[in-house]
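Trainee: One structure coming up, written as structure tokens, with questions to follow.
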Amino acid sequence: MHWAVEELGRVMLPPPDGGDTVDWDALHADTGWKFPADYRDFVAVYGLGAISDSIGISTPSFDGYPFVDHLLFRAQWPPVHGTLTWASNEAGDDFLWRCAGEPDEWRVVFRPRDRRRDHEYDMGMAEFLLRLVRGDIHPPLGAELELPATFESWREEERRLLDEGGDLEGF
């Protein structure tokens, strides 16, 4: 387990029903994409979902995936602009990887909705999220991130919507 995912589990509890299972080898064979170890561990522990009902984390499609859109929807390897979006928030800010070098060397790019200036962080996705939810880093988010951070998986969201009598259109 990647150290940052382990530490993140102490700061932001993983969902009780666990993360999601992705066949990373099959994904690589089918698409050409390989992913950083911290991201693969994050998906196994947390999976598809949202941090503090604000930052939606994307994953590749997996057995039982509830949506049409996913991490690699309309993406190609190698990425045209050298980046891949792995999360976004309700304000339209994006969180990306700069896909340069080996996957474990990819660095996080925060792109505000206004796209005036990207902010690059010399760390991987899990360390970035850990430092973000601890309040150690402060990218210019267009939407407030409520701390202490919580994580809601897509399964929890689906159950909550059903309990509230909500519409599951889009699931």
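The values are calculated or read from the model by the stated rules, or taken from the named source; none is laboratory data. Because the structure is a prediction, the values reported are computed rather than measured. Here Cβ is always computed from backbone atoms with ideal geometry, including for glycine, and neighbour counts include all displayed protein chains.
Trainee: For residues in the range 135-155 being of a type in the set (Asp, Glu) and closer than 8 Å to Ser52 by Cα, which is farthest from the chain's Cα centre (by Cα)?
Mentor: Taking the range 135-155 as the starting set, the residues that turn out to be of a type in the set (Asp, Glu) are 136, 144, 146, 152.
Checking the rest, the ones that are also closer than 8 Å to Ser52 by Cα come to 146, 152.
On the way: Glu146: 17, Glu152: 12 Å.
Within the range 135-155, the match that is farthest from the chain's Cα centre (by Cα) is Glu146.
Trainee: Still on this structure, please answer the following. So, in the range 72-89, of the ones that are within 21 Å of Arg117 (Cβ to Cβ) and not polar (S, T, N, Q), which residue ends up surrounded by the fewest Cβ atoms within 10 Å (Cβ to Cβ)? If you could, list the steps in order and put the result at the bottom.
Mentor: Step one: of the range 72-89, the residues within 21 Å of Arg117 (Cβ to Cβ) are 79-89.
Right, trim to not polar (S, T, N, Q) and you get 79-82, 84, 86-87.
Details: Pro79: 15, Val80: 7, His81: 9, Gly82: 12, Leu84: 20, Trp86: 22, Ala87: 21.
Result: Val80.
Trainee: Just to be sure before I move on: is Asp93 within 19 Å of Gly49 (Cα to Cα) and acidic (Asp, Glu) in the structure I sent?
Mentor: Numbers: within 19 Å of Gly49 (Cα to Cα): yes; acidic (Asp, Glu): yes.
Considered against the rule, which asks whether it is within 19 Å of Gly49 (Cα to Cα) and acidic (Asp, Glu), Asp93 comes out as yes.
Trainee: Look through Glu127, Glu120 and report the one residue that is in a helix (DSSP H, G or I), modelled with pLDDT of 95 or more, of a type outside the set (A, V, I, L, M) and over 16 Å from Phe151 (Cβ atoms). Give the derivation first.
Mentor: On the way: Glu120 fails: in a helix (DSSP H, G or I).
After applying the criteria, what remains is Glu127.
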